[in-house]
Amino acid sequence: MDATADELAGVVDLFGGLSRAELERALSEAAFRADGGSIDERALGEAIDEGLESFTLLECSTECLATDAPTLDSGTDLFVSGPAAFPTVPEYAEDVPHILDIERRRFDRDALGAAARARFSDAIDAARDGGPDGDRLRDLREVSYDIEAWGPVELDDERARIEEGLD
């Protein structure tokens, strides 16, 4: 089973958020239910990388969990459906939450917004440090509006940095 970034977002959205190991288990279960198959770990890694780069997925620490959320081991990173996602639940994955018995996770919106802002700032730095990549900077400018609609952050300063890089 090869999943797109939006399908990964759909799976993590079923749970609120998942660790990488949990996401692999969820996709493995869906693949097995679909046709007895399995997931291609290399393709999964590429889809996760694509999801993170496009802001379809956001990776955050357990500090982003709501205070009343079930606890996890400190240092566990979680994937959540990101600001640019169009979450799509893959066929045969809708029952995976019942199979894996993972309680739905809730997140602090302010903490998620801060994580998105930090990741976004890093993406701007990488695009500007990598030389003249106007396409990436223009893509990031568009993503900035998705982030602001998704989380409680304002990215005017970051957009100004993007515009400086486009000049």
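What to note about this one:
- Verdict on V89 being under 28 Å from R117 (Cα atoms), surrounded by 14 or more Cβ atoms within 10 Å (Cβ to Cβ) and of a type in the set (V, I, T): yes
- Any hit, segment 112-122, residues being more than 15 Å from G151 (Cβ to Cβ) and either among the hydrophobic types (A, V, I, L, M, F, W, C) or more than 12 Å from the chain's Cα centre (by Cα) (or both): yes
- One residue from D6, D108, D49, D13 being in contact with a strand residue (DSSP E or B) (Cβ under 6 Å, 6 or more places away or on another chain) and within 30 Å of L155 (Cα to Cα): D13
- Condition met for A26 (more than 15 Å from F86 (Cα to Cα) and out of contact with any strand residue (DSSP E or B) (no Cβ under 7 Å at 6 or more places or on another chain)): no
- Residues of segment 132-150 that turn out to be surrounded by fewer than 20 Cβ atoms within 10 Å (Cβ to Cβ) and among the small types (G, A, S), as a count: 2
- Put simply, of L57, L78, L23 the only residue that is more than 11 Å from the chain's Cα centre (by Cα), buried (at least 19 other Cβ atoms within 10 Å of the Cβ) and within 27 Å of S144 (Cβ to Cβ) is L23.
- Selected residue (criterion: surrounded by the fewest Cβ atoms within 10 Å (Cβ to Cβ)) from residues of segment 98-131 that are touching a residue at least 12 places away in the same chain (Cβ under 8 Å) and not in a helix (DSSP H, G or I): E103
- In segment 67-98, the qualifying residues are those that are at pLDDT below 90 and among the aliphatic types (A, V, I, L, M), and the one that is nearest to D2 (Cα to Cα) is A93.
- The listed residue being without any contact (Cβ under 8 Å) to a residue 40 or more places away in the chain and over 14 Å from the mean Cα position of the chain (by Cα), out of D95, D156: D156
- Here A126 fits the description: out of contact with any Pro (no Cβ under 7 Å at 6 or more places or on another chain), farther than 18 Å from G17 by Cβ and at pLDDT 90 or above.
- Whichever residue in segment 63-75 is more than 15 Å from the chain's Cα centre (by Cα) and aliphatic (A, V, I, L, M) and, among such residues, is surrounded by the fewest Cβ atoms within 10 Å (Cβ to Cβ): A66
The values are calculated or read from the model by the stated rules, or taken from the named source; none is laboratory data. From a predicted model like this one, the values you see are computed outputs, not experimental measurements. Reconstructed Cβ throughout: ideal geometry from the backbone, glycine too, with neighbour counts over all protein chains shown.
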